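A.B. asks: Could you have a look at this structure, given as structure tokens, before my questions?
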Amino acid sequence: MSRAKRFLDGLLAETILGAIDYWRRPNLRASWGGPFNGQRNRAALFLSLMAKFQPRALIETGTFRGTTTEFMSKTGVPIFTVESVARNYGFARMRLSRLRHVHVRRGDSRHFIRELFQGPLRNYADQTVFAYLDAHGEGDLPLAEEIDLIFEYWPAAVVMIDDFQVPSDAGYRYDVYRSGKALTPAYIATEVNKHALQLFFPSVPASHETGSRRGCVVLAKTSTHAAALAAMPELRSLNVEIPAHVSVGQLISYWLSCCTQLLTFTLFPALLA
Ligand SMILES: C[S@@+](CC[C@H](N)C(=O)[O-])C[C@H]1O[C@@H](n2cnc3c(N)ncnc32)[C@H](O)[C@@H]1O
């Protein structure tokens, strides 16, 4: 038997095992504590975003066992979701098989996004699509490329990234990998600058959130949906410039601006009082 055939047989076996898991191990259906990591406020934020932007399609990277996909499917909007691990894919495929508007694929998220643009979402370039980016873990980190591709293909996209640092609230947990990479604003600075994106974070404090209390960020282009996101009470913007490559000149000018603000708002009023 050739190596390729053995590989394909292995994938098929794993996919079938995943489908069997769905029936034999129902306790696995509530992975990560439920939809959106069991976070009620995050689920409410998602529903508010749906109501406000009425996207034409939802893209999810990192299906895992389809827990959040199943929740998102209740909107009735077509969903395209991708999972790289065959056993998870088999589980999710079985779980979501009754839902005609949910399309589950196995593969790499970047390849999948390119295929969507060439296929089912090719006519949506000027439409709003919503993307939930959750395909991260140790090892390969596709996030930066996912953001780049999505805003290249669908400039009016609204993107939510799970497991992301909330700079103003340390109570929200976020991914930090052994490689030293972490899901922070600095990590996505190149894509943010390239596509002129704005970042919005949950305004609900982590202490009021349920479930795993993972942080998130919501992104949109300044020229499309940023103003509408800024008007949402569930979100707050981060008004900090995050240059991809910090030059000495930028550091000095940042430092001078901090000193000016300190003098203007703290020291002068104290001296005059
Ligand atoms: C945190 S889990 C996703 C959880 C899921 N979205 C939910 O809310 O239930 C991350 C998943 O992404 C998958 N993954 C990792 N890298 C990927 C890639 N490049 N393409 C597609 N899936 C990937 C992993 O196998 C894993 O199942």
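The values are calculated or read from the model by the stated rules, or taken from the named source; none is laboratory data. All figures in this text were calculated on a predicted structure; none of them were measured in a lab. With ideal geometry, Cβ positions are generated from the backbone for all residues, glycine too; neighbour counts draw on all protein chains shown.
A.B. asks: Looking at this structure, is Phe46 crowded, with 20+ Cβ neighbours inside 10 Å, outside any strand (DSSP E or B), within 12 Å of the ligand (Cβ to nearest atom) and on the phi > 0 side of the Ramachandran plot?
C.D. replies: Against the criterion (crowded, with 20+ Cβ neighbours inside 10 Å, outside any strand (DSSP E or B), within 12 Å of the ligand (Cβ to nearest atom) and on the phi > 0 side of the Ramachandran plot), Phe46 does not qualify.
A.B. asks: Is it the case, given these coordinates, that Phe53 is surrounded by 16 or more Cβ atoms within 10 Å (Cβ to Cβ), at negative phi and in contact with a His (Cβ under 8 Å, 6 or more places away or on another chain)?
C.D. replies: So Phe53 passes the test.
Listed here are the residues, each with its yes/no results for (1) under 17 Å from Asn37 (Cα atoms); (2) within 12 Å of the chain's Cα centre (by Cα).
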| position | (1), (2) |
| --- | --- |
| Val158 | no, yes |
| Ile161 | yes, yes |
| Pro167 | no, no |
| Tyr177 | no, no |
| Lys181 | no, no |
| Pro185 | no, no |
| Ala189 | no, no |
| Asn193 | no, no |
| Leu197 | no, no |
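A.B. asks: Okay, moving on. Would you check if Glu146 is free of Cβ contacts under 8 Å to residues at least 24 places away in the same chain, surrounded by 15 or more Cβ atoms within 10 Å (Cβ to Cβ) and assigned by TED's automatic domain parsing to the domain that holds Gly66?
C.D. replies: Considered against the rule, which asks whether it is free of Cβ contacts under 8 Å to residues at least 24 places away in the same chain, surrounded by 15 or more Cβ atoms within 10 Å (Cβ to Cβ) and assigned by TED's automatic domain parsing to the domain that holds Gly66, Glu146 comes out as no.
A.B. asks: List the pairs whose first member sits in segment 58-80 and is under 18 Å from Phe117 (Cβ atoms), whose second member is in a helix (DSSP H, G or I) and more than 12 Å from the ligand (Cβ to nearest atom), and whose Cβ atoms are under 7 Å apart, counting only residues at least 6 apart or on separate chains?
C.D. replies: If the second residue must be in a helix (DSSP H, G or I) and more than 12 Å from the ligand (Cβ to nearest atom), the pairs left are Ile59/Leu116; Ile79/Ser73; Phe80/Leu116.
A.B. asks: How many residues does segment 19-43 contain that are more than 20 Å from Ser97 (Cβ to Cβ), within 11 Å of the ligand (Cβ to nearest atom) and in a helix (DSSP H, G or I)?
C.D. replies: 7
A.B. asks: Suppose the filter is surrounded by fewer than 17 Cβ atoms within 10 Å (Cβ to Cβ) and in contact with a strand residue (DSSP E or B) (Cβ under 9 Å, 6 or more places away or on another chain); does Ala182 pass it?
C.D. replies: So Ala182 fits the description; yes.
A.B. asks: Let me ask you something else. Does Tyr174 qualify as being within 20 Å of Ala43 (Cα to Cα), hydroxyl-bearing (Ser, Thr, Tyr) and assigned by TED's automatic domain parsing to the domain that holds Ala44?
C.D. replies: Yes, satisfied.
A.B. asks: Could you list, in sequence order, all residues of segment 47-81 that are in contact with a helix residue (DSSP H, G or I) (Cβ under 8 Å, 6 or more places away or on another chain) and farther than 19 Å from Val104 by Cβ?
C.D. replies: Passing the criteria: Lys52, Phe53.
A.B. asks: Follow-up. Would you check which residues across segment 60-113 are surrounded by fewer than 23 Cβ atoms within 10 Å (Cβ to Cβ), near the ligand (Cβ under 6 Å from one of its atoms) and among the aliphatic types (A, V, I, L, M) and list them?
C.D. replies: Of everything in segment 60-113, just one residue is surrounded by fewer than 23 Cβ atoms within 10 Å (Cβ to Cβ), near the ligand (Cβ under 6 Å from one of its atoms) and among the aliphatic types (A, V, I, L, M), namely Val85.
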